[in-house]
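Everything below concerns the one structure shown next.
The values are calculated or read from the model by the stated rules, or taken from the named source; none is laboratory data. As the structure is a computational prediction, the values presented were derived from the model and not from experiment. Protein only, heavy atoms only, side chains kept; ligands, DNA and RNA dropped before computing areas. Shrake-Rupley method; radii C 1.70, N 1.55, O 1.52, S 1.80 Å.
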Amino acid sequence: MSVRYLIAVCICLVAAGTASLNAAPQGSVEGRLKIVSLRPVELDDENTPALAGKNYADYPLIILSQAERKQIARITADTDGNYRASLPPGAYILDVEGRVPKRLRVRAQPFTVVSNETVHIDMTIVTGFGAERSTSQE
């Protein structure tokens with residue numbers, strides 16, 4: 001009986017190895033991350049630039065599977081806000097990590113990856129949304 005079990009396990013392993021070799025080539029998702037702030041800019045003096053550089057590392061993007069909503073990947077945009085990730089074919093959702101506790105306004109975007117193709121998705125994050133609500137209107 002143990003010989004039959006060993007043969008069955010070997011057959012399963014060979015089948016799994018063959019399936020992985022025949023797997024569809026990956027596709028990719030790319031785009032640009034834009035961060036918009038609703039907070040007023042405070043200038044210390046005339047030498048302070050009006051727009052400070054954005055730290056894209058503070059706003060990592062996450063890729064979730066559409067079916068289970070499980071995190072598949074985490075992406076950090078480069079210094080220009082560009083990002084790219086390779087993914088197996090399938091249906092996904094692009095979102096921002098921790099958007100609810102950080103009070104970010106962003107729209108999660110569903111997308112589909114096809115083998116050997118690139119999907120382009122630009123993402124805009126609006127920050128300072130919570131600060132805007134707490135400001136008194138005069």
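Things worth noting here:
- Test: residue in the stretch 27-42 that is among the basic types (Lys, Arg) and modelled with pLDDT of 95 or more: yes
- Scope the stretch 66-96; condition charged (D, E, K, R) and open to solvent by 60 Å² or more (accessible area, probe 1.4 Å); matching residues: Glu68, Arg69, Lys70, Arg74, Asp78, Asp80, Arg84
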